[in-house]
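See structure below.
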There are 2 protein chains.
Amino acid sequence: MTNRQRINYINKTLEKVELYYRLMGKVSFDMQCIAPKKGLQRASDDINKISSIPFKLMHSKKFMSTVDELYLNHEGLNEYEVKLISNLYESKEKSKNITPKMQEEYQKATSDSYLKWLECKEKGDYEGFKPYLGKVIELTKQRVLLRDKQEKTIYDTILNDFEKGNSIEVLDDYFSKLKEGIVPLVKKILNSKKVIREDFLSRKVEIYKQERFSKWLLEHEGLDMDALVLMTTEHPFTTGFGLGDTRVTTHYYEDMFISNLYSIMHEGGHALFDQNEPEIFHKYHIEGHMSMAMHECASRFFENMVGRSKAFIDLIYPKFLELFNEEFKDVTKQELYEGVNIAAPSLIRTEADELTYSLHILIRYELEKGFINGEFGVEDLDKRWNEKYKEYLGVDVPNNKEGILQDVHWTDTYGYFPSYSLGSAYAAQIYKTMEKDLNIEECIRNDEIYKIRDWLKEHAWSIASITDPNEWILKVTGEKFNPDYYINYLKEKFTEIYDLED
Amino acid sequence: MTNRQRINYINKTLEKVELYYRLMGKVSFDMQCIAPKKGLQRASDDINKISSIPFKLMHSKKFMSTVDELYLNHEGLNEYEVKLISNLYESKEKSKNITPKMQEEYQKATSDSYLKWLECKEKGDYEGFKPYLGKVIELTKQRVLLRDKQEKTIYDTILNDFEKGNSIEVLDDYFSKLKEGIVPLVKKILNSKKVIREDFLSRKVEIYKQERFSKWLLEHEGLDMDALVLMTTEHPFTTGFGLGDTRVTTHYYEDMFISNLYSIMHEGGHALFDQNEPEIFHKYHIEGHMSMAMHECASRFFENMVGRSKAFIDLIYPKFLELFNEEFKDVTKQELYEGVNIAAPSLIRTEADELTYSLHILIRYELEKGFINGEFGVEDLDKRWNEKYKEYLGVDVPNNKEGILQDVHWTDTYGYFPSYSLGSAYAAQIYKTMEKDLNIEECIRNDEIYKIRDWLKEHAWSIASITDPNEWILKVTGEKFNPDYYINYLKEKFTEIYDLED
């Protein structure tokens, strides 16, 4: 076989693999957004049944040895093909010792765990969810231990999967800097005399009105609406099926309209990234290969740096009053701006303000580190959760629904949470660089968010899937990663809002 | 191999086949209700790619010969298994000479035709759709001609597929009786002095309000809402993925609220049937094997005999005023009843009244008969359509969007339309039988439609999938099929509404 024949064989196999991923993805999307309760189990079984097909395709002897051959000899491959082979080699190294049977067991455990979570979350029943969580954690650890190459600890290996170069050491350092910057700020705010009006934040806004606002927001955020879907779900997420089909989901609460507002801005940010990766990456099957923090950088950029800015409130205020006149005609622009930026310790991560958000992440990080590395198990994990919420945020968790069961992630994923915080920190650093080329606030105020999108497309998203995180932030901003940008941004913003002394 | 081993092999294969049908069905549902414009082509390609898998599974030599063996020797099979084998044998006889390549070509032609229809309907562009229509018709005819066993003409064979025992002869007779009964009635109505108030029928009703009403209607129609989905689409339909997951779709028009009202009642009728077939039919893979007219009997029963009855207006009127008080507070119960029963020649089949509905069907029947049996081609089919609308209904078709392109059916299906009319006729005959056991109007008025559902479940739906149409109507009603019930029902109803002389 020539290298050209090898790469053709790889491509043909990947097309089949991607076809099955799309099928599974659509059934899974359907489960999360559409299927009725009584249809969930069968849908889950169907996904489990076909999940072995792409796994087997990518773990056949022929496929794995062809990847090895091309990895050792790139002759005749273009740069995208070289990158593809390197991706495949890496992922093969991670999973080559996993048997189809083990994969099947894992697949079943994660989908059972998801269905159980749905049920237990509603009832706040951690005891019911516990054995399912325990099982997935156990299998996850087993899978890591099967690899030829390990990092220092299992959790280090997992962190490195999400963010190459990341480790407990790096994150401990990062979070301690963050704590140092944020905790005193939160204290100052709690002691400040500034009163921010919040009565209107819990006013009832009918869902159909929020739906209209959501569509308007997505359009003005710069999304191609002919290639976008908006649906509702329990836990908002973004997914997609190629360049022409990106899907954003949200959750509406009648008495908390800003929940949807910022879900839309956040997921819309993910969707912007997905809609704007280079087409050639799709052609060569290397799209979507950025780190999760790079992706969260996009979503947190649009959620916070854009969505919680004064300029953005200027932009949306007229539409806001048009759609919600009945509800909010007595609310001024400044009150709206301050209202969406109230910094206060709270229970729910996805509803948290920009400032205390990273403390929610810190709690999850510390718990993951502990239960993945075997310092403690799932027994009493809810109590540990509640203790940390008391310690870091000073809040009492009234039930497990608003406590340990609030997030979908742990049904099958560990090590992801730090990406949210890192993404915010990347976003703050990139913002400073973007400012050299663009008057960002003016773009937002003038309804030209597409200029921000286009800047990110050109400078950040065009290289994300082919660059490691550390190298990426260096290339985009001209500097190494530096969390001070994030900390300073938070200090400045909240000092101003709460009239604090510097 | 023993017969037990044979049937086990058949079942195992069918489980795989059904898995792929569900996958294709979900992608297709997604295309019709969710996917963005730019995602349609890839979704369609994906369906085409996997469609060959179930086809090949059911056309392997082993599968076909096992079916033959069990068909010739039933020993050890239970009655459901015997029925399953008979179904499989029949369907195999119809498709055994179709090669995978031909199947692929057909699959691609029908999905291309669907996508083209979507595009052309919007523009009213019959010329654009014409070659796609022509191609699918050609392939459909080829597929029929490949069978070992043929009916008198190609269209007869197709009719017999949808409704065993049906033929041009039977339908010509049926429709001529119908014309004889209906056409004079329509004339009388056009000459009657009765004025029915219709101003309110085109009042604007916001879609979110119609959505709320739809959910209420489905609940009160007797559906299990934990096993049901309601979505919106271009052309309403019902589909499903097993007993726990039935899906109803509708289309909302702001200025025509009764369109959605009766789409919901109609599709809800289909869904009731699907939710209430015996579980054991599902276990043995023989569910859903009723004729299409039997299925349309359910939907037309709930749309018309229930939904357009006085008792039903009594039932919904309070809810109607609660939800749409602003829009309809000046409309009386009697006005609403008469408004939903206005009989007037019109353009759109799905919006047609109960009386003229069958004339819409007649037009499609005559055209299908012609182009399937080669009396004319697709050239000028739009003109033929318009001529017939002028002749039978006296209306001028202003454009192809409201003319030949209005229905989705011809993108891949011919011979289905008569089922709607036959279904209505079955429904009228069954109504008379049901009346012996139930005070139907009282059930409706008292919000006990579930009693009607349960009667149908016990007497009609429990045997539909295992009985041929003629035998079925005889078993359910104790009489042979007799369209006079339908004609008399229409005469009585409209004579009363329009104060006609008998």
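The values are calculated or read from the model by the stated rules, or taken from the named source; none is laboratory data. Computed from a predicted model, the values in this text were never measured in an experiment. Cβ atoms come from the backbone with ideal geometry, glycine included; neighbour counts cover every protein chain shown. Keep in mind that these areas ignore ligands, DNA and RNA; they rest on the heavy atoms of the full protein, side chains included. Shrake-Rupley method; radii C 1.70, N 1.55, O 1.52, S 1.80 Å.
Quick look at the values:
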quantity: Listing of helices (runs of 4 or more DSSP H) fully contained in segment B:271-359 that carry 2 or more residues being open to solvent by less than 40 Å² (accessible area, probe 1.4 Å); calculated: B:292-300, B:310-323, B:325-328, B:333-339
quantity: Filter result (more than 14 Å from every other protein chain (Cβ to nearest Cβ), over 12 Å from B:Glu338 (Cβ atoms) and either within 28 Å of the chain's Cα centre (by Cα) or free of Cβ contacts under 8 Å to residues at least 12 places away in the same chain (or both)) within segment B:198-210; calculated: B:Asp199, B:Ser202
quantity: Selection within segment A:203-219 - open to solvent by 20 Å² or more (accessible area, probe 1.4 Å), in contact with a Phe, Trp or Tyr (Cβ under 9 Å, 6 or more places away or on another chain) and not basic (Lys, Arg); calculated: A:Glu206, A:Ile207, A:Tyr208, A:Glu211
quantity: Hits in segment A:360-405 (condition: within 16 Å of A:Leu347 (Cα to Cα), in a helix (DSSP H, G or I) and among the charged types (D, E, K, R)); calculated: A:Arg364, A:Asp382, A:Lys383, A:Arg384, A:Glu387, A:Lys388, A:Lys390, A:Glu391
quantity: Test result for A:Leu139, touching a Phe, Trp or Tyr at 6+ places or on another chain (Cβ under 9 Å), free of Cβ contacts under 8 Å to residues at least 40 places away in the same chain, at negative phi and open to solvent by less than 70 Å² (accessible area, probe 1.4 Å); calculated: yes
quantity: Test: A:Leu19 is away from chain B (no Cβ under 14 Å), buried (at least 16 other Cβ atoms within 10 Å of the Cβ) and out of contact with any Cys (no Cβ under 8 Å at 6 or more places or on another chain); calculated: no
quantity: Test: residue in segment A:363-372 that is at pLDDT 95 or above and of a type in the set (Phe, Trp, Tyr); calculated: yes
quantity: Residue satisfying condition, being open to solvent by 30 Å² or more (accessible area, probe 1.4 Å), among the β-branched types (Val, Ile, Thr), in a loop (DSSP other than H, G, I, E, B) and more than 14 Å from every other protein chain (Cβ to nearest Cβ), within set A:Val183, A:Val195; calculated: A:Val195
quantity: Hey, A:Leu40 in contact (Cβ under 8 Å) with a residue 40 or more places away in the chain, in a helix (DSSP H, G or I), among the hydrophobic types (A, V, I, L, M, F, W, C) and more than 9 Å from chain B (Cβ to nearest Cβ) or not; calculated: no
quantity: Conditions (1) within 14 Å of chain B (Cβ to nearest Cβ); (2) buried (at least 20 other Cβ atoms within 10 Å of the Cβ); (3) outside any loop (DSSP other than H, G, I, E, B): number failed by A:Leu88; calculated: (1)
quantity: Residues that are part of a helix (DSSP H, G or I) and touching a residue at least 60 places away in the same chain (Cβ under 8 Å), drawn from segment A:55-78; calculated: A:Thr66, A:Glu69, A:Leu70
quantity: Among (1) over 29 Å from B:Phe494 (Cα atoms); (2) touching a residue at least 12 places away in the same chain (Cβ under 8 Å) - the single one B:Met225 does not satisfy; calculated: (2)
quantity: Identity of the residue in segment B:255-284, among the acidic types (Asp, Glu) and out of contact with any Ser or Thr (no Cβ under 6 Å at 6 or more places or on another chain), that ends up nearest to B:His295 (Cα to Cα); calculated: B:Glu277
quantity: Test: residue in segment A:229-245 that is open to solvent by 30 Å² or more (accessible area, probe 1.4 Å), polar (S, T, N, Q) and more than 14 Å from chain B (Cβ to nearest Cβ); calculated: no
quantity: Which numbered condition A:Leu243 misses (of (1) farther than 30 Å from A:Lys16 by Cβ; (2) assigned to a loop (DSSP other than H, G, I, E, B)); calculated: (1)
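Here is a yes/no grid of residues against (1) among the hydrophobic types (A, V, I, L, M, F, W, C); (2) in contact with a Leu (Cβ under 6 Å, 6 or more places away or on another chain); (3) within 30 Å of A:Glu211 (Cβ to Cβ):
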{"position": "B:Ile154", "(1), (2), (3)": "yes, no, no"}
{"position": "B:Gly165", "(1), (2), (3)": "no, no, no"}
{"position": "B:Val170", "(1), (2), (3)": "yes, no, no"}
{"position": "B:Lys188", "(1), (2), (3)": "no, yes, no"}
{"position": "B:Lys204", "(1), (2), (3)": "no, no, yes"}
{"position": "B:Leu217", "(1), (2), (3)": "yes, no, yes"}
{"position": "B:His220", "(1), (2), (3)": "no, no, yes"}
